[in-house]
Amino acid sequence: MNTSQLAQEGLKIDWANMPTYNTIMSIAAGAGLLGIVILVKQVMSKPTEVTAEGWALAFGVLGAILTTTGLHMTLTWPLAAGGFPFDNIIFGETSLGFGVLLLAASVYLWRRGADALTRPEPLAALAKVAQPISVFIGGLGLALFGIAVAGVKYQLFAAPPQEPISGEFAEWPLVEAIFMSGLFALVGLGAVLFPFVVNSFKSVSAKVTLPVKVTGVVWAVTGVVFILFGAMNFFTHIGLIVNTM
């Protein structure tokens, strides 16, 4: 089912074969990105006031949501048999990767976080722990670049006219393609820079370098946008279902 077919009047969708989770996925991913930025900022400014258990619970909740939905979407091919198999890659695999990373961070903060925060240079201690996995995070960033390019080239992410709000741009599929691809690219930029961020923080005299600033800004901005976009989609997706049953 392509975009032109979806744009037909009287569109009917077999929702039993079209499950989608990118509503809750979007909010969880946005909260995870924003949470990482806030945690690092707190550790840099007032590490003694950081509650490791609280952040462990937060990342554990978000990681569980993203891992569960992402794993199901990744292993069930195609999840949306009605015509969107690329969603398995775009939303499923990326959510799975981010979710497992958040779960790993949750376990570490629960077991060792309080000890790390009491060290003379807590940010350096956390950075040394994160350095081995930074290669994988950088790789995920490159994957997000690939998704961004594919989104624009193949004009993905376009909503049908039956979907409230987003459907107003159905005649211009490139609009939503550029918007969503831009979000993926910005998150990818922060992920690609993450190894350099870790390298900046792992020394005793942690420096706020350009990669640190860029990663903080792009993850904070995209985190907020993903939360708002996911919240909006709870309305727009319900509306799409009602209009196409």
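Across the options Thr20, Met245, Phe169, the greatest Cα extent toward the positive end of the charge dipole of the chain (unit charges at beta carbon of Lys, Arg, Asp, Glu) belongs to Thr20.
Can you give the helix-only mean residue ellipticity at 222 nm for the chain, where every DSSP H stretch with n ≥ 4 adds -39500 (n - 2.57) and the sum goes over all residues, rounded to the nearest 500 deg cm²/dmol? Before the final figure, lay out the partial values.
On the way: 9 runs with 164 residues, N = 245.
Theoretical 222 nm ellipticity from helices: -22500 deg cm²/dmol.
Report the extension gain between Thr68 and Ile238 in nm, rounded to one decimal, defined as 0.36 nm multiplied by the number of residues separating them, less their alpha carbon distance. Walk me through the numbers before you get to the answer.
Values: separation 170, 0.36 × 170 = 61.20 nm, distance 2.18 nm.
Between Thr68 and Ile238, full extension yields an extra 59.0 nm.
The count of lysine pairs in the stretch 16-244 with alpha-carbon distances below 27 Å, taking only pairs 8 or more places apart or on different chains, stands at 12.
Contact order normalised by length for the stretch 100-176, with contacts defined as Cα pairs under 8 Å and 6 or more residues apart; what percent is it? Numbers along the way, then the final one.
Values: 39 pairs, mean separation 11.5, N = 77.
Relative CO of the stretch 100-176 lands at 15 percent.
Would you indicate which of (i) 17.7, 57; (ii) 17.4, 52; (iii) 19.3, 65 is the value of Rg and Dmax of the Cα atoms in Å derived from the coordinates of this structure? The value computed from this structure is option (iii).
Under 1.5 on a/c is rounded, so check that first for the stretch 173-228, then, if it is not, pick prolate when a/b is larger than b/c and oblate when it is not; a ≥ b ≥ c are the square roots of the alpha carbon gyration tensor eigenvalues.
prolate
Restriction of the GluC sites (Glu not before Pro) in the stretch 122-180 to DSSP coil positions whose beta-carbon has at most 16 other beta-carbons within 10 angstrom yields Glu171.
Counted residue by residue at 0.36 nm each, then reduced by the alpha carbon distance between them, the extension gain from Val135 to Val208 reaches 24.2 nm.
How much length is gained on full extension from Phe179 to Leu57, taking 0.36 nm per residue of separation minus their Cα-Cα distance?
Numbers: separation 122, 0.36 × 122 = 43.92 nm, distance 3.15 nm.
So the chain would gain 40.8 nm between Phe179 and Leu57.
Give me the one-decimal Kirkwood hydrodynamic radius in Å for the stretch 1-126, with the sum taken over alpha-carbon pairs.
Across the stretch 1-126, the inverse of the average 1/r is 16.3 Å.
Backbone N atoms of the stretch 54-76 closer than 14 Å to the 7 Å Cα→Cβ label point of Ala114 belong to residues 54-57. Over the chain, Cα pairs under 8 Å with separation of 6+ residues give a relative contact order of 27 percent.
No value in this document is a laboratory result; all are computed from the given coordinates. Just so you know, these numbers come straight off a predicted model, no measurement behind them. Cβ coordinates were reconstructed from backbone atoms using ideal geometry, including for glycine residues, and neighbour counts include every protein chain displayed.
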